[in-house]
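Here, each number is a calculation from the coordinates, and none is a lab measurement. For clarity, every value in this text was computed on a predicted model and none was experimentally measured. So basically every Cβ, Gly included, is an ideal-geometry build from the backbone, and we count neighbours across all protein chains shown.
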Amino acid sequence: MNESTGVSSLTLALSARDELFPIREVARLTGVNPVTLRAWERRYGLIQPTRTDSGHRLYSMADVESVRSIQAWIRRGVPVSKVGDILARSAAGSAGASAAEAAGGEWGQWQEWQGRLEEALQSFDESELERVYGQILATWPVALALEEVLMPVWQGLALRTEEFGRTSEWLFLDAFLRSRIAVRLQMNRPRHGRRVLMAAVPGHCRDLELLVAALLLAGEQQAVTLLPLGQPLDELALVCERARPEALVLFSNRPLAADLQRQLGRMVLTLGCPLALAGEAAELAGEAFAGTPVACLGRPSGAMAGRLKQLLDGHLDT
């Protein structure tokens, strides 16, 4: 019995009285299909409906309005994986502005900061780069600063290394960010947090991408220990046996080949702890791992840490 047809008449009556709606009604009101609504909840943590005793989702009017706000941001071209952080900041700092107005303002400010970064890089001025970097982190939440300002500049330079001088600028920024983010990751490490190991699928990301993912994955209750790039996948069971983490997270920014997906399916049976996938691969392989013990946390974002916490608590719907 699925959610669109399995809600009893009693549940519907209670929903109407308490202004709660089943998923099919939210789909009718917003035009967002139930599959997408579930994905926004599971993968990104954008909406958190209540549940009946039998597990059916019920949405409040506030949830419906959240769905409409998410749609407004997506229409402006904001990736769904980044909407959560933007909505949170917009609610705190621009409650009177429409979603579209706020989106336009955010994008303009991000571009301005990127321009300042590029000016510092072109002159190879580390002091100015440090100053701009500090101002960016003082202005925006860490996730937004990394995903919307710092990493786009890094990624743009990485794509232009054939142009004379761009490789030097990219290396200068890459070294700068790696050192700062490694320090921030260490300083933010909770003393008594639950231990999580994180490793990269070999050849599937760069060092900075892994560091950024680890920083965004860490939280007040979970301490992320990074394994070095090049960590063999077939030795992870040994590492987990000795380190005894509460979860292992694999990071990849590339599609997983079918044989690698099968390898992860076998690996999870030998680890002795939950296995999760993060990064672009988690977005692309979400359907392939649906219903399996391999959890998909999504791309680096504010929701990723929340999904890891749900996995550690045993509440993540994989």
Counting only residues 5 or more places away or on other chains, whose amide H sits under 5 Å from the amide H of residue 60 once H atoms are built in the peptide plane?
21, 50
What's the FRET efficiency of residue 207 with residue 19 using the Cβ-Cβ distance as r and R₀ = 45 Å, to the nearest 0.05?
0.35
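Using the count of nearby Cβ atoms within 10 Å as a rough guide to exposure, how do 124, 251, 164 rank from fewest to most?
Ordered by Cβ neighbours within 10 Å, fewest first: 164, 124, 251.
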Given contacts defined as C-alpha pairs under 8 Å and at least six residues apart, what's the relative contact order of region 174-240, whole-number percent?
41 percent
For residue 313 and residue 33, compute 0.36 nm times the residue count separating them, minus their Cα-Cα distance, and round to one decimal in nm.
97.9 nm
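At a 10 Å Cβ-Cβ cut-off, how would you order 198, 151, 267, 187, fewest neighbours first?
187, 151, 267, 198
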Per the charge dipole of region 97-248 (beta-carbon charges, Lys/Arg positive, Asp/Glu negative, Cα centre), the residue among 153, 198, 109 reaching farthest to the positive end is 198
If you restrict to DSSP beta bridges whose two residues both lie in region 194-313, what percentage is antiparallel, to the nearest 5?
5 percent
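With a cap of 14 neighbouring Cβ atoms within 10 Å, and only residues DSSP puts in a loop, list the trypsin sites (Lys or Arg not before Pro) found in region 99-208.
160, 191
Take 205, 296, 273 and order them by how many other Cβ atoms sit within 10 Å, fewest up front.
Listed from fewest to most nearby Cβ atoms, that is 273, 205, 296.
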Taking placed amide H atoms and a strict 5 Å upper bound, the residues 5 or more places from residue 195 or on another chain that come that close are 223, 246
Gain upon complete extension [residue 155, residue 71; 0.36 nm per residue less C-alpha separation]:
27.6 nm
